[in-house]
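Asker: Below are the C-alpha cells for one structure; questions will follow.
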Amino acid sequence: MLASVRQNLQGNQACALGAIAAGCRFYAGYPITPSSEIAEKMAVELPKVGGTFIQMEDEIASMAAIIGASMGGVKAMTATSGPGFSLKQENLGYGAMAEVPCVVIDVMRGGPSTGMPTRPAQGDIMQSRWGTHGDHPIIVLAPSSVKEAYDQTIRAFNLSERLRTPVVVLLDEVIGHLVETIEIPHIDTIERAERKWATEARETYLPYGETDDGIPAMARPGDGYRSHTTGLTHGPSGFPTQKPAEVNDMMQRLLGKIDRHRDIVDDVETVGCDDAEVLVVTVGITARAARRAVRQARDAGIKAGLFRPVTLWPFPENQFRAVEARVHSVLVPEMNAGQLCLEVERLSARRTKIARINRIDGEAIEPAHILSTIEELGRHG
Amino acid sequence: MDSALGKNPTGGNAGSAGTGIEDFDIRAYLRLDLMPHFMCPGCGHGIALRALLWAVHELAIPKDRLAIVSGIGCSGRVGAYIDANTFHTTHGRPLAFATGLALARPDLEIVVITGDGDCLAIGGNHLIHACRRNLHMTCIMLNNEIYGMTGGQVSPTTAENRMTTTTPAGNTEPAFNACALAAAAGASLVGRGITLQTPALKNLMKEGLAHRGFSFLEVISDCTEIFGRKNDLGSSPEMILRQKSQMRPEYFGNVVDEPFRPNAMKTGILSRNERPEYGDAYRAAMVSTRATASHGHG
Ligand SMILES: Cc1ncc(C[n+]2csc(CCOP(=O)(O)OP(=O)(O)O)c2C)c(N)n1
C-alpha cells in the first residue's frame, strides 16, 4: 500500500520537500530572511537523492545557475525574499524569453528596500507579475497553508516543465514560517510532469517553432541537436531576428502560450460564492483570516463569500467575473498599500462597490478587521 | 605545459609549412548558414574563435558534448557561430549560468566566452567566485580594452590615458590585470594569449580545455574599428603587430605608482594551482549523505 506520512513542517520546508518530490535536483540560492530554511532544507535533502545544492555569490548568480542547470535538463529551483527577488528579475526574464523551466520561491517580507526582514507583507504581488522588463509570460502560485506550500511547489514544477516557463511560488512570511501537520503522499502517488524533449531529426527541429500546444520541444545538450539559446529576440530557429513578422510571431506565441493552457493553469478556492453579496478577494495568510471572517459573517446572516486565486497570475479573470457579476461589493484585504485591488478593480463592473483593507505595518490582517468591514458593506449593500 | 605550448601545434604531425592546420577545417565547426558574421574587419574576436575551434579539433572534443556559454557583447555573440550547444546568456552572468550547467551536466565540456566588461565589470563577482570554486570549465575572456558592442565606452581593462567615448580627457582609471585577479582568486590555471600568434593561442586553449578545473584565459583581442580609430592606432595589421613588439607600454603607469597592467604583459601559462575540481569534490562529499538517505518521501 502506498501510505502517506504525517509530518510537522514549516511552510518553507514544505516547499523544499515538495520540490524534491516534484523531481527538483538542483538548487542554487543566497541566504535571505524569511526564506533561508528552504535553502537549508535543500542543502540537506538534495544530496540524498543525487541532486546538487549550491550557495551562490548572490541572487543574480543563483537565478542564472538554476537556468543553466535547467538548460542542461535538470529540474531546478531557487528561493528568496524581496531584495533578492529584485536581483533575480533580469535572469527571470531570460528564463521567460528563452523558455527555460524553473521555479522561484519568493517569501514576501516588509519592503521596499531592506524593509522589515522578519515581518510579513504581500508587497510583491505586482512585482511577481511584472518584475522583469518587457512583456513576458509568467505563472505565480500563492499558497495559504503548509500543505498548499507543498502541493503548489509540486504544481509549480509541473506547470513550469509543461509550459516551459518560469513559475513563481509566492509565500508571505507567515506561511513560510507557519508550522502545521500535513499529510505527505507516498512519492509514487505524486504526479510529475516532464518537459517535452526534442526527438525528431535535427534537420527539421525548430527550437522555437509553433506547435499544436504552443510549447516547442526542448533540445537536451548532448542529444545531437546543438541548438542555440539566447535572450535576444529570436525566430523559430533560435537565432536572433529583428524581422517584424518573425518577431511578432514569436512574441505572440510566447505571450499567448499560458492562455492556451488555462485549464491546467487556473486554480481558485471559493467559499460561499454561489449566493455571496459581499465578496472578499485575497491570497496567502490574509485569505485564512478572510475565510474565517466570511464564515462568521455567514453565521451572522450576511451573504459573504471568499474568492482566493491560488494561481494568482495569470489572474483567473473568467472565474472572478462570473462570481463578481452576482455581488454588490468586493473587499480586497492585503498586506500592502493596494496591489491586488488594482486587478480586482480592472475586472469589476462599474456598479460594484470596491473596498480595501491595507496593512503596511508588518502585522497580519486579523479576521475581526475583515469581518467588521464585511458587516459594514453588508449593511450598505 | 610545454607539451602543448610553443611546440609544433599538431604534435609533430604537421607538414613542412609547420602551421599544423592541414587537417583542421574550421568550417566543420561553424554554423555556416549564419555567415557572413557580424565582426568588424580586423577584430581579434574571430581569431580567438579560430584558435578555440582548432584546439577543440586537436583535442577531438565532440561537438555534441561541447557547450559554449557566453555573455553579452561582441565577445558574447561569437559563441553563436559555433556548431555546438550554445547558450547566449545575460550581461556579466555567463559564469553563473555555466556553474549551474556544469553541476547539472558534468559530462559536458563547457567553454565560457566573455568580454573584459562582461567578465570584470558587471561579472566581476562571478569571476572571482568561479575561480575560487574551481568547477571544470574554460573561461576565455576576450580583452579588447573597450566596450565594443555598445560603441566604445571605457572598460576595466582600458589602459590609462586611452580615449574612449566616456573618457573624453583620456582614461584616468587604472586597468585590471585580469590574470593576476584570477590567480589571486584561486583559478587553478591562468594564461594569456595574443591573437597575433594563433598557433600559440590554440595551444594555450588546449591547455585550458585539457585542464581539470577552472581555467582562466585572457586573450588580447584588438578592437580595430572603435578602440583603434579612437586612439589613432593605425590599420589593423599595425595594431596586431604591436601586440608583439610592445603591448602598448607607453600608456601604462602614468596615473598610479603600481599600475595593475604591467608594461610587458606576459603570455602563456601564468599560474597553476592544482586542486580538486569542485563538482568532483561535492559529489564525493555527498556520497556519505546519500548512503544514509531515507526513501520515505523521495
Ligand atoms: C544589464 C546590462 N547592462 C548593460 C548592457 C549593455 N551592454 C551590452 S554589451 C556591453 C559591454 C560589452 O563589453 P565587453 O564585455 O568588453 O565586450 P565587447 O563588446 O567589447 O566584446 C554592455 C554594457 C546590457 N546588455 N545588459
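Asker: Taking both sides together, what accessible area is buried at the B/A interface, probe 1.4 Å, expressed in Å² and rounded to the nearest 100?
Answerer: That pair of chains buries around 3600 Å² in total.
Asker: Moving to a separate point now. Straight-line reach from A:Lys353: which lysines have Cα under 16 Å away, leaving out those fewer than 8 places along the same chain?
Answerer: Partners found: A:Lys303.
Asker: For segment A:1-121, which whole-number percentage of the solvent-accessible area (1.4 Å probe, protein heavy atoms only) is attributable to carbon and sulfur atoms?
Answerer: C and S atoms contribute 53 percent here.
Asker: In 10 Å bins starting at 0, how do the alpha-carbon pair distances of the protein assembly as shown split up by percent?
Answerer: Distribution as computed: 3, 15, 23, 22, 17, 11, 6, 2, 1, 0 percent.
Asker: For segment A:59-153, what is the convex hull volume of the alpha-carbon atoms per residue, in Å³?
Answerer: Value for segment A:59-153: 93 Å³ per residue.
Asker: How large is the charge dipole for the protein assembly as shown, taken about the Cα centre, if only the Cβ atoms of Lys, Arg (+1) and Asp, Glu (-1) carry charge, to the nearest 20 debye?
Answerer: Approximately 260 debye in magnitude.
Asker: How big is the gap, in Å, between the Cα center of segment B:173-220 and the Cα center of segment B:63-123?
Answerer: Value for the Cα centre distance between the two parts: 16 Å.
Asker: Now for a different question. In what sequence, largest accessible area first, do B:Lys244, B:Lys230 appear using a 1.4 Å probe?
Answerer: So the residues, ranked largest to smallest area, are B:Lys244, B:Lys230.
Asker: Would you please give the FRET efficiency between A:Ser372 and A:Thr114, computed as 1/(1 + (r/R0)^6) with r the Cβ-Cβ distance and R0 = 30 Å, to the nearest 0.05?
Answerer: Efficiency at R0 = 30 Å is approximately 0.35.
Asker: Another question, then. What relative contact order, as a whole-number percentage, does chain A give when Cα pairs under 8 Å and 6 or more residues apart are counted?
Answerer: Dividing the mean separation by the residue count of chain A yields 16 percent.
Asker: Evaluate segment B:26-297: find the radius of gyration of its Cα atoms, find its Kirkwood radius, and give the ratio Rg to Rh.
Answerer: Here the Rg-to-Rh quotient is 1.00.
Asker: Might you tell me the accessible area per residue for chain A, computed with a 1.4 Å probe and given in Å²?
Answerer: Using a 1.4 Å probe on heavy atoms only, each residue of chain A averages 36 Å².
Asker: From the protein chains alone at 1.4 Å, what is the descending order of accessible area for A:Trp197, A:Trp313, largest first?
Answerer: A:Trp197, A:Trp313
Asker: Please work out the FRET efficiency for the pair B:Ala184 and A:Arg6, using the Cβ-Cβ distance as r and a Förster radius of 60 Å; give the result to the nearest 0.05.
Answerer: 0.70
Asker: Could you work out the equivalent-ellipsoid semi-axes for segment A:269-379, taking the square root of 5 times each eigenvalue of the Cα gyration tensor, largest first, in whole Å?
Answerer: 18, 17, 13
Asker: Can I ask one more? Along its principal axes, what span do the Cα atoms of chain A show, with the longest given first and each in whole Å?
Answerer: Largest to smallest, the principal-axis extents are 68, 48, 48 Å.
Asker: Between B:Asp107 and A:Asp266, what is the spin-label point distance in nm, taking each point 7 Å from the Cα along the Cα→C-beta axis?
Answerer: With each label point 7 Å from Cα toward Cβ, the separation is 4.2 nm.
Asker: Where in segment A:303-338 does the label zone of A:Lys353 land, with the point 7 angstrom along Cα→C-beta and an amide N cut-off under 20 Å?
Answerer: Residues passing the 20 Å test: A:303-307, A:323-334.
Asker: Enumerate the helices in chain A for which the Kyte-Doolittle hydropathy averages -1.0 or more and the C-alpha atoms extend at least 15 Å along the helix's axis, using complete DSSP H runs.
Answerer: In chain A, the long hydrophobic H runs are A:11-22, A:59-71, A:82-98, A:146-163, A:244-256, A:284-299, A:367-380.
Asker: Now for a separate question. Would you please give the FRET efficiency between B:Arg229 and B:Asp25, computed as 1/(1 + (r/R0)^6) with r the Cβ-Cβ distance and R0 = 35 Å, to the nearest 0.05?
Answerer: After rounding, the FRET efficiency stands at 0.55.
Asker: What does the accessible area of B:Cys139 come to, in Å² to the nearest 10, when a probe of 1.4 Å is used?
Answerer: Taking all protein chains as shown, B:Cys139 has close to 0 Å².
Asker: Report, for segment A:5-189, the % of DSSP beta bridges that are antiparallel, rounded to 5.
Answerer: The answer is about 30 percent antiparallel.
The values are calculated or read from the model by the stated rules, or taken from the named source; none is laboratory data. Just so it is clear, the model here is predicted, and its values are computed rather than measured. So basically every Cβ, Gly included, is an ideal-geometry build from the backbone, and we count neighbours across all protein chains shown. Accessible surface is based on the protein model in full, side chains and every heavy atom, while ligands, DNA and RNA are left aside. Shrake-Rupley method; radii C 1.70, N 1.55, O 1.52, S 1.80 Å.
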